[in-house]
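In what follows, a single structure is set out as structure tokens and then discussed.
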Amino acid sequence: MTCKPPLYMGPEYVKYFSDKTIDEELEKDRRVTWLIEFFANWSPECQSFASVYADLSLKYNCAGLKFGKVDVGRYSEVSKKYKVSTSSLTKQLPSLILFQGGKEVMRRPQIDKKGRAVSWTFSEENIIREFNLNELYQKLKKLPKGRVQDFEPKYENIPEEDASQTQDNGTEKVTPESKKDK
């Protein structure tokens, strides 16, 4: 199988992972929150989403919030580990997964009980709203270089369908952003 080179060749703050480097990077500094795109070069949806993701990386990349990509068409073990289907009929490409503390806390598109992707539009506005990028950026751009104990993952233990709600963990007042009705 021959893969086309990516169509988007503009500026971005995105780290490209292989099957070996993704887990190393997630474990390297657990204070860093990662928004990782799982893509395949052969997917038209992934190709058209590339510029949107690059723009988000330019706006929101900071010390505590990083952007990454992994080609699951090339690294099939990664697709299996993170349960991202690479079938040519799949609606799971691209998939965005938010990792905090080295663990997955949220993904889009969501997967229903039958293993099918729930329809979702990969627009800049939807990603900013669903992943709370404005709030994450404000919190994580001030990430201290020292102790990890003050860092609490925002989405910890929130069920997938309730991931857009915020929590008050008692150590810091959290002001939720207003959400559009779905």
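At a glance:
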{"read-out": "Test: S178 is among the polar types (S, T, N, Q), at pLDDT 80 or above and not in a strand (DSSP E or B)", "value": "no"}
{"read-out": "Test: residue in the stretch 74-97 that is in contact (Cβ under 8 Å) with a residue 60 or more places away in the chain and surrounded by fewer than 19 Cβ atoms within 10 Å (Cβ to Cβ)", "value": "yes"}
{"read-out": "K103 farther than 13 Å from T33 by Cα and either without any contact (Cβ under 8 Å) to a residue 40 or more places away in the chain or within 14 Å of the chain's Cα centre (by Cα) (or both)", "value": "no"}
{"read-out": "Some residue of the stretch 105-124 being among the acidic types (D, E), within 24 Å of P11 (Cβ to Cβ) and at pLDDT 95 or above", "value": "yes"}
{"read-out": "Residue, farthest from the chain's Cα centre (by Cα), within the stretch 124-142, restricted to residues that are in a helix (DSSP H, G or I) and hydrophobic (A, V, I, L, M, F, W, C)", "value": "L140"}
{"read-out": "Pairs where the first residue, in the stretch 19-32, is assigned to a helix (DSSP H, G or I) and the second is β-branched (V, I, T) and modelled with pLDDT of 90 or more, C-beta under 6 Å, 6+ apart", "value": "I22/V70"}
{"read-out": "Within the stretch 41-71, considering residues that are out of contact with any Lys or Arg (no Cβ under 8 Å at 6 or more places or on another chain), more than 18 Å from K141 (Cα to Cα) and hydrophobic (A, V, I, L, M, F, W, C), the one surrounded by the fewest Cβ atoms within 10 Å (Cβ to Cβ)", "value": "V52"}
{"read-out": "Residue in the stretch 7-25 that is out of contact with any Gly (no Cβ under 8 Å at 6 or more places or on another chain), surrounded by fewer than 19 Cβ atoms within 10 Å (Cβ to Cβ) and under 19 Å from M106 (Cα atoms) present", "value": "yes"}
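Okay, residues lined up against (1) outside any loop (DSSP other than H, G, I, E, B); (2) of a type in the set (A, V, I, L, M); (3) within 20 Å of L26 (Cα to Cα):
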{"residue": "G73", "(1), (2), (3)": "no, no, no"}
{"residue": "K83", "(1), (2), (3)": "no, no, yes"}
{"residue": "S88", "(1), (2), (3)": "no, no, no"}
{"residue": "F99", "(1), (2), (3)": "yes, no, yes"}
{"residue": "E104", "(1), (2), (3)": "yes, no, yes"}
{"residue": "G115", "(1), (2), (3)": "no, no, no"}
{"residue": "W120", "(1), (2), (3)": "no, no, no"}
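The values are calculated or read from the model by the stated rules, or taken from the named source; none is laboratory data. In this text, all values refer to a predicted model and were calculated from it rather than measured experimentally. Neighbour counts are summed over all protein chains in view; Cβ atoms, including those assigned to glycine, are modelled from backbone coordinates with ideal geometry.
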